[in-house]
Amino acid sequence: MLAQQPIAHDHARRQVGRILDVIVDRPSGEREDVWIGRTKCDAPDIDCVVYVTAPGTSAARPLTGRIVPVEIVASTGYDLAGILASGD
C-alpha cells in the first residue's frame, strides 16, 4: 500500500483538467449543490470519490443516480473535485 500510494495520488493529479463521466451516488450533506459520485473505475464505498459541485441542483432537483460529465478541477490524495460540465 505504501508503494502504491504515490502512484495513486499522481494518477488523481493527472485527472485535473479532464472531463470524466461520474455516476452520482448521494448528496454530500455539506451543501445542497455538492454531490458525491464516482467514475467507472471506482467501486462504491471502496475507492476514491468525486465531489461534484452542480450549481442549481438541490433536493428538489437531484442528481442521484445520474451519470453526468464533470470537469475535474482539483485532487486531494485519492479523491477528485469537479464542476458539472455545461450541457447537463
Which loop trypsin sites (Lys or Arg not before Pro) in the chain, with loop taken from DSSP, have no more than 16 other Cβ atoms within 10 angstrom of their Cβ?
18, 31, 40, 66
At q = 0.11, 0.13, 0.16 Å⁻¹, what is the log10 ratio I(q)/I(0) for the chain, with the Debye formula run over Cα points and no solvent?
-0.28, -0.39, -0.57
Rounded to the nearest 0.05, what FRET efficiency do residue 41 and residue 86 have when you use their Cβ-Cβ distance and R0 = 30 Å?
0.80
Quick one: putting +1 on the C-beta of Lys and Arg, -1 on the C-beta of Asp and Glu, what dipole do you get for segment 4-84 around its Cα centre, in Debye to the nearest 20?
180 debye
Between helix 4-14 and the chain, what is the angle of the helix's C-alpha long axis to the longest principal axis, kept within 0 to 90° and rounded to the nearest 10?
50 degrees
Using 0.36 nm per residue of separation minus the Cα-Cα distance, give me the extension gain between residue 34 and residue 1 in nm, one decimal.
8.9 nm
So what is the 222 nm mean residue ellipticity for the chain from helices alone, if each DSSP H run of at least 4 adds -39500 (n - 2.57) and you divide by all residues, rounding to the nearest 500 deg cm²/dmol?
-4000 deg cm²/dmol
Cut-off 18 Å, label point 7 angstrom out along Cα-to-Cβ of residue 9: give me the residues of segment 35-66 whose amide nitrogen falls inside.
48-49
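Throughout, read-outs are computed from the coordinates displayed, never taken from laboratory work. Everything quoted here is computed from the prediction, not taken from an experiment. Cβ: placed from backbone, ideal geometry, glycine included. Neighbour counts: every protein chain shown.
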